[in-house]
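The values are calculated or read from the model by the stated rules, or taken from the named source; none is laboratory data. As the structure is a prediction and not an experimental result, all values here were calculated from the model. Note that each Cβ is placed from the backbone with ideal geometry, even for glycine, and that neighbours are counted across all protein chains shown. These accessible areas exclude ligands, DNA and RNA; they are computed on the full protein's heavy atoms, side chains included. Shrake-Rupley method; radii C 1.70, N 1.55, O 1.52, S 1.80 Å.
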Amino acid sequence: MPYIDYQTMYAIQIRIITVIIAAMKYYIWTSGCQMNVADSRRVASALERLGYDPTRQAENADVIVLNTCVVRQSAENRALGRLSSLRPLKKQRPDLVINLMGCLVGVKDNPKIRKAFPYVDVFSAPSDLKPLIQYLMHSRRPPISDIETKADRIIAESDLTMPKNGKNRSVSAYVSVIHGCSFACTYCIIPYRRGVERSRPICEIEAEVRALAGQGIHEVTLLGQIVDRYGNDIPDGPNLSDLLRAIHPIDGIKRIRFLTSHPHWMTNELIETVAELPKVCEYVEVPIQAGDDDVLKRMKRGYTVDEYVRLICDLREYIPGVSIATDIIVGFPGETEKQFQRTYNLLADLRLDVVHLARYSPRPGTLAYRRMDDDIHESEKMRRFRAIEALQTQISKDIHASYIGRKVEVLVKGKRHDRWKGRTRTNKLVFFETPEDRLGELVSVKINWAGAWSLRGTPFLGMSGEP
Ligand code: SF4
């Protein structure tokens, strides 16, 4: 028997697997944050490396992955509802493989969820692909040798590959750079479900971005619960500015974004780096959560309103034309009408581009859940929510109206009906019409219509006026 080296043997065995699996389908349901979207991309790539093809109907799938979120009770209810809806399907088709993944499972062993859903085959922590890949490899006949190593290899390769998604070619991708969070905001369940912060090695991230650029990705968004803390857990490690400088020269990448920042950890060095590096877009997501110091203290956010306002001033001074998004929670335990009004007035003053708004949702295990009464009635939470929603809709309309007549650079990401759509460097959604295929291009568009949430315009050949 001629000697066959490991590489060849690995390739032959993977080939055999893919032939056996051919025509088998996978379906991924993703809810929650961009981190889950990034993880679902990796799951899809790994399953395709094993030979599965995507399907948009769960009923047609041989493997179903539910990648879940529990940041609010409503998200958890949606995940539980989706999971319960699969019970009859599993009864009909016992061979169907169901994988429950993400924050509903969490990083710690979760016997409660295992007991509640005995028909789930594989439970996976957030961002952890290994249980599913190993399960599928173990269930294959003829048996595969050295599954541990081969699974690691398939997972490592999945970071570097864009899955087929059946629609337009993807132009942008999310890349996780730091997992988990070591902060402890009193309302937040994320540290309990995603664990403490763990930064990925810079070389691994560089390799992933380079590989994605080679597959037509022109924009990457670097992800972390507090992305500004990238590298903090690596002794003498790089920081986010170093990471931005490392991926900036990669050919094919036209735009770089990062989220989510934290007012306490956003440094002057980072602001200067954004201002200096041409590919890094003038868009920052930095949640304030509330506009009252006492509420911020009880949230354990680690900054004051004045410090936040100073940060916004610095961003606007050092990054001309910067677009800023924030998060607000209304109805936090004990939030008085006066304290809410301070939040409202602050947003009216700062006139930020985007406000992601949420009503306080008590999350089991968090400090607020254990020690503070959820004393703001749901109808009052909704009144406060509606008030800020109306305010921000008007602010957004005004900001968008200021784009009329301006020429902006749009990275074209796809089509909606007969219009091309894309985003400006400041993350504004723009639609325009043209017969040519402009997917993945940077197109200059002259804006002639503005709504609260999007812009419309006509493509033109000259340079854009937007930075
Ligand atoms: S910074 Fe606070 S809100 Fe953000 S993930 Fe960490 S604990 Fe949650």
Worksheet, complete the sentence: Restricted to segment 187-205 and to residues being surrounded by fewer than 21 Cβ atoms within 10 Å (Cβ to Cβ) and without any contact (Cβ under 8 Å) to a residue 40 or more places away in the chain, the residue farthest from the ligand (Cβ to nearest atom) is 203
Item to complete: Among the candidates 263, 287, single out the residue that is closer than 23 Å to residue 360 by Cβ, within 15 Å of the ligand (Cβ to nearest atom), at pLDDT 95 or above and in contact with a strand residue (DSSP E or B) (Cβ under 6 Å, 6 or more places away or on another chain).
Response: 287
Response to the item:
Flagged pairs (Cβ under 6 angstrom, 6 or more apart or on separate chains; first in segment 47-73, on the phi > 0 side of the Ramachandran plot; second open to solvent by less than 10 Å² (accessible area, probe 1.4 Å) and in a helix (DSSP H, G or I)) are 51/21
Worksheet item: Quick check: is even one residue across segment 335-345 touching a Ser or Thr at 6+ places or on another chain (Cβ under 7 Å) and open to solvent by less than 20 Å² (accessible area, probe 1.4 Å)?
Response: no
Practice prompt. Counting only residues that are closer than 25 Å to residue 176 by Cβ, give me the helices (runs of 4 or more DSSP H) lying completely in segment 224-335 with at least 2 of them.
Written response: 240-247, 268-276, 305-318
Practice prompt. Collect the residues in segment 351-367 that are within 13 Å of residue 391 (Cα to Cα) and touching a strand residue (DSSP E or B) at 6+ places or on another chain (Cβ under 8 Å), keeping them in residue-number order.
Written response: 352, 353, 354, 355, 356, 357
Fill in: Test set (1) under 30 Å from residue 440 (Cβ atoms); (2) without any contact (Cβ under 8 Å) to a residue 12 or more places away in the chain - residue 282 fails condition number
(2)
Practice prompt. Working only within segment 290-302, note down all residues that are more than 11 Å from the ligand (Cβ to nearest atom) and either open to solvent by 20 Å² or more (accessible area, probe 1.4 Å) or at pLDDT below 95 (or both).
Written response: 293, 294, 297, 298
Worksheet item: Considering only segment 406-424, how many residues are open to solvent by less than 20 Å² (accessible area, probe 1.4 Å) and outside any strand (DSSP E or B)?
Response: 1
Discussion item. Can you say whether residue 434 is assigned to a loop (DSSP other than H, G, I, E, B) and either touching a Pro at 6+ places or on another chain (Cβ under 7 Å) or in the same structural domain as residue 75 (by TED's automatic domain parsing) (or both), as far as the supplied structure shows?
Written reply: yes
Worksheet item: Can you pull out the residues in segment 348-403 that are of a type in the set (Lys, Arg) and either part of a strand (DSSP E or B) or over 29 Å from residue 193 (Cβ atoms) (or both)?
Response: 351, 359, 383, 386, 397
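Conditions (1) among the basic types (Lys, Arg); (2) over 29 Å from residue 213 (Cβ atoms), marked per residue:
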{"site": "338", "(1), (2)": "yes, yes"}
{"site": "378", "(1), (2)": "no, yes"}
{"site": "393", "(1), (2)": "no, yes"}
{"site": "401", "(1), (2)": "no, yes"}
{"site": "409", "(1), (2)": "no, no"}
{"site": "418", "(1), (2)": "no, yes"}
{"site": "426", "(1), (2)": "no, no"}
{"site": "439", "(1), (2)": "no, no"}
{"site": "444", "(1), (2)": "no, no"}
Response to the item:
By residue number, the members of segment 204-230 that are farther than 21 Å from residue 155 by Cβ and of a type outside the set (S, T, N, Q) are 216, 218, 219, 226, 227, 228, 229, 230
Worksheet entry | Meets criteria (part of a loop (DSSP other than H, G, I, E, B), surrounded by fewer than 20 Cβ atoms within 10 Å (Cβ to Cβ) and not hydrophobic (A, V, I, L, M, F, W, C)) for residue 145 | yes
Worksheet item: When residue 175 is evaluated against the numbered criteria (1) away from the ligand (no atom under 16 Å from the Cβ); (2) in a loop (DSSP other than H, G, I, E, B), which criterion, by number, is the only one it fails?
Response: (2)
Worksheet item: If you go through segment 59-69 one residue at a time, do you hit one that is in contact with a Lys or Arg (Cβ under 6 Å, 6 or more places away or on another chain) and among the polar types (S, T, N, Q)?
Response: yes
Discussion item. Just to be sure before I move on: is residue 184 out of contact with any Leu (no Cβ under 6 Å at 6 or more places or on another chain), in a helix (DSSP H, G or I) and open to solvent by 10 Å² or more (accessible area, probe 1.4 Å) in the structure I sent?
Written reply: no
Discussion item. Regarding segment 231-251, can at least one residue be identified that is touching a His at 6+ places or on another chain (Cβ under 6 Å) and within 16 Å of the ligand (Cβ to nearest atom)?
Written reply: no
Discussion item. So for segment 228-250 (the condition being under 17 Å from the mean Cα position of the chain (by Cα) and closer than 20 Å to residue 39 by Cβ), does at least one residue qualify?
Written reply: yes
